[in-house]
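Please read the structure below before turning to the comments.
Laboratory data are not the source of any read-out in this text; all were calculated from the coordinates shown. These numbers come from a predicted model, not from an experiment. Reconstructed Cβ throughout: ideal geometry from the backbone, glycine too, with neighbour counts over all protein chains shown.
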Amino acid sequence: MDGNSQTRNLRQFIDEARLAGGEGLDIRLHAAGALLTSGEMLQGLQTGQVQLGELLLAVEAALDPMLELDSLPFVARSLEEARRLAAVTRPLIEQRLRREGLTLLYMAPWPPPGLFSGFAVNALEDLRGTRMRTMTPTAARLANLAGALSASVEPEEGPPSSAGPLATTMFASASIGVDVRAWSFARFYMPLDIAFPKDAVCAQSRAWEALPAQHRAAMLQAAAAAEERAWALAS
């Protein structure tokens, strides 16, 4: 969404890249799914519909299980562990995205997900039969294992409409909860801190390689600063 930490960081990245790149570097931001949704972004980058885009890595897990590793429960239990995991897996993620025609600029973690609900959840059995909004394949599997019915939605979607009036639970970060106005259907929030999913800001490789060296250097410099900010914002 336009006001969350990921978008604010992305906006600052663009401003810094423009400033450092000088004349001729024009980057326009279309936030909150205004141009493409999260599920459409990979294809949009590959086809050149957009030259820069932000992917939620776990959404692209069908390409490679490595892309959802940061969303698996208990692989990283703290921001420090999540950052070490990101450092170890970054070369593999870069390599996999390169095979899809993408160049990784920076990765940005989300705050860890929690459980939003319209009722008090005191035991796993309380979720059985409920309809849960989920945004990644990993979250959908967790919902099903808990006995809930997964209603897959895009992160850009607002309060429950397509998910139906019975969607009274949601597995997402507090930041996403603000974006979708979770208070419209949930009275409770339980922080879980079981995973730290990441977005990847990528360029279409053909468009990237066509840029002047000065512009690529400016964007890489801004990307490094954006990644540092992202970890600070997730804390």
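A few points about this structure:
- Cα long-axis angle, helix 213-234 against the chain (0 to 90 degrees, to the nearest 10): 20
- Sorted peptide list for 128-136, 15-23, criterion being average Cβ within 10 angstrom, highest first: 128-136, 15-23
- Think of segment 33-99 as a dipole: +1 on every Lys or Arg Cβ, -1 on every Asp or Glu Cβ, centred on the Cα centre; then among THR47, ALA76, ALA62, ALA76 lies furthest on the positive end.
- Counted over the chain, the DSSP beta bridges are approximately 75% antiparallel.
- Simple Cβ-charge dipole of the chain, Lys/Arg +1 and Asp/Glu -1, about Cα centre, in debye nearest 20: 220
- Between helix 38-47 and the chain there is an angle of about 30 degrees, using the helix long axis and the longest principal axis of the Cα atoms.
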